[in-house]
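S.K.: Dropping a structure here in structure tokens format, bear with me for questions.
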Amino acid sequence: MFMNDIILIIVGLLILVLGVLIGVAFLTLLERKVLGYIQIRKGPNKVGLIGILQPFSDAIKLFTKEQTFPMYSNYFSYYFSPVISFILSLMIWMLIPYYFNLISFNLGVLFFFCCTSLGVYTVMIAGWSSNSNYALLGGLRSVAQTISYEVSLALIFMSSLIMIMDFNLVKFSDYQNIIWFMFIMFPLSLCWLSSSMAETNRTPFDFAEGESELVSGFNVEYSSGGFALIFLAEYSSILFMSMLFVLIYLGGYDMSLYFYLKLVFISFVFIWVRGTLPRYRYDKLMYLSWKSYLPISLNFLLFYMGFKLFF
């Protein structure tokens, strides 16, 4: 019996990973389409019907290209950091309180913070092991940004944890039957949204890449498979952050179409922001984290502690 359970859990996890990968593939398509329409042009529209097969052709192209590496790079760490980054971004998905595995992760929130903190090391090592000045600078900027916003994410999350008094993400849906936490914690939910954008290195906080004018940041020396893995890890974490926002502030997890519509909407907001807002200045980014979000989240934490005690 025990062996059957383990096999079922492994099969469930494989289905989950497959679902996430397909979701990520079509998220890239959605992003290119939406950005296209924002800039008054068509997005990908040649491969398949209205460009629907574009993600697959991109994947085939990236993974069949020759893998190059810089002569003076530290080869093993250069080669394996994208792989580990990708594995970490998929590991976080075990947190979903999905029903077909009947896994209930009691310390899910702690696991989430452990995995996101480990993600910083892969970026740092990818930048350092390329042995290129630009990659190293991009990596340093990215690490400074990510660890700054981890602090604000943790403190904002603590207010929600005070409300439900549990580390299990399943509990969020129990407490939001009558009213969503977004209405009770409106300022905090917006702080969380922008912090999660900074955490996943998205526009307007994409200082690691600065796609439009800089060299591509920590991943500048990567091509083909390594680049594809870094890319997949980034989009997987975008999807996960969107799901976490829905879990915490938009009514928790339920196996309805409604939940997935909310998830797609929040992912669309990430793309919408990219098409709309100009890039921040780096010192302003740090100022925002340490001098705006830190005091706001600490004050709200005290407020919700009092709120919980009072009721």
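S.K.: With θ set to phi - 60° and the Karplus curve 6.51 cos²θ - 1.76 cosθ + 1.60, what are the ³J(HN,Hα) couplings of the range 267-272 in order, to the nearest whole Hz, using x for Gly and Pro?
M.R.: Running phi through 6.51 cos²θ - 1.76 cosθ + 1.60 with θ = phi - 60° gives 5, 5, 4, 4, 6, 4 Hz.
S.K.: Treating the angle as unsigned and between 0 and 90°, give the value, to the nearest 10°, between the Cα long axis of helix 108-129 and the longest Cα principal axis of the chain.
M.R.: 20
S.K.: Let me ask you something else. Let me have the 222 nm mean residue ellipticity of the chain computed from DSSP H runs of 4+ only, each contributing -39500 (n - 2.57), with the sum over all residues rounded to the nearest 500.
M.R.: So the calculated ellipticity at 222 nm is -23000 deg cm²/dmol.
S.K.: Additional query: For the range 1-117, what mean projected area does the convex hull of the alpha carbons give, in nm²?
M.R.: 11.7
S.K.: Of the listed values (1) 15.2; (2) 17.3; (3) 18.1, identify the label whose number matches mean projected area of the Cα convex hull in nm² calculated from this model.
M.R.: (3)
S.K.: To the nearest 0.05, what FRET efficiency results for Phe113 and Ile87 with a Förster distance of 30 Å applied to their C-beta separation?
M.R.: Taking R0 as 30 Å, the efficiency between Phe113 and Ile87 is 0.95.
S.K.: How far is it, in nm, from the label point at Trp290 to the one at Met255 when both lie 7 Å from their Cα along the line to the Cβ?
M.R.: The modelled label-to-label distance comes out at 4.8 nm.
S.K.: Per residue Cα convex hull volume for the range 1-48, in cubic angstrom?
M.R.: Details: hull volume 2.8 nm³, N = 48.
Cα convex hull per residue, to the nearest whole number: 58 Å³.
S.K.: For the range 153-169 and the range 234-265, what is the separation of their C-alpha centers, rounded to whole Å?
M.R.: Each part reduced to its Cα centre gives a spacing of 17 Å.
S.K.: If you don't mind, there's one more thing I want to ask. Taking the Cα centre of the chain as origin, work out the dipole magnitude from +1 charges on Lys and Arg Cβ and -1 charges on Asp and Glu Cβ, in debye rounded to 20.
M.R.: Using Cβ point charges on Lys, Arg, Asp and Glu, the chain gives about 680 debye.
S.K.: List, in order, the whole-Hz ³J(HN,Hα) value for each residue of the range 155-163 obtained from phi through the Karplus relation with A = 6.51, B = -1.76, C = 1.60 and θ = phi - 60°; use x for Gly and Pro.
M.R.: 6, 5, 4, 4, 4, 5, 5, 4, 5
S.K.: Separation between the Thr276 and Tyr37 pseudo-spin-labels, each 7 Å from Cα along Cα→Cβ, expressed in nm?
M.R.: So the two model labels end up 1.5 nm from each other.
S.K.: Turning to a different aspect of this structure: Distance from a point 7 Å along Cα→Cβ of Met165 to each backbone N in the range 270-311: keep the residues under 15 Å and list them by number.
M.R.: 304-311
S.K.: Considering only lysines 8 or more places apart in sequence, or on different chains, count the pairs in the chain whose C-alpha atoms sit under 20 Å apart.
M.R.: The result is 7.
S.K.: What angle do you read, to the nearest 10 degrees and between 0 and 90, between the alpha-carbon axis of helix 294-310 and the longest principal axis of the chain?
M.R.: 30
S.K.: Provide the gained length on full extension for the span Val151 to Tyr121, in nm with one decimal, where the gain is 0.36 nm per separating residue minus the Cα-Cα distance.
M.R.: Extending this stretch completely gives an extra 9.2 nm.
S.K.: Between Asp174 and Met3, how high is the FRET efficiency from 1/(1 + (r/R0)^6) when r is the Cβ-Cβ distance and R₀ = 35 Å? Nearest 0.05.
M.R.: On the way: r = 33 Å, r/R0 = 0.93.
Calculated value: 0.60.
S.K.: Ratio of Rg to Rh for the range 153-302, alpha carbon only, Kirkwood?
M.R.: Using Cα coordinates only, the ratio equals 1.00.
S.K.: Follow-up. Within a Cβ distance under 15 Å of Gly51, other residues only, what is the Lys/Arg minus Asp/Glu net charge?
M.R.: +4
S.K.: Expressed as an acute angle from 0 to 90° and rounded to the nearest 10, what is the orientation of the C-alpha long axis of helix 2-38 relative to the principal long axis of the chain?
M.R.: Approximately 70 degrees, to the nearest 10.
None of the figures in this text is laboratory data; all of them are computed from the coordinates on show. Model, not experiment: these values are computed from the prediction. Counting neighbours? That spans all protein chains shown, and the Cβs are built from the backbone with ideal geometry, glycine included.
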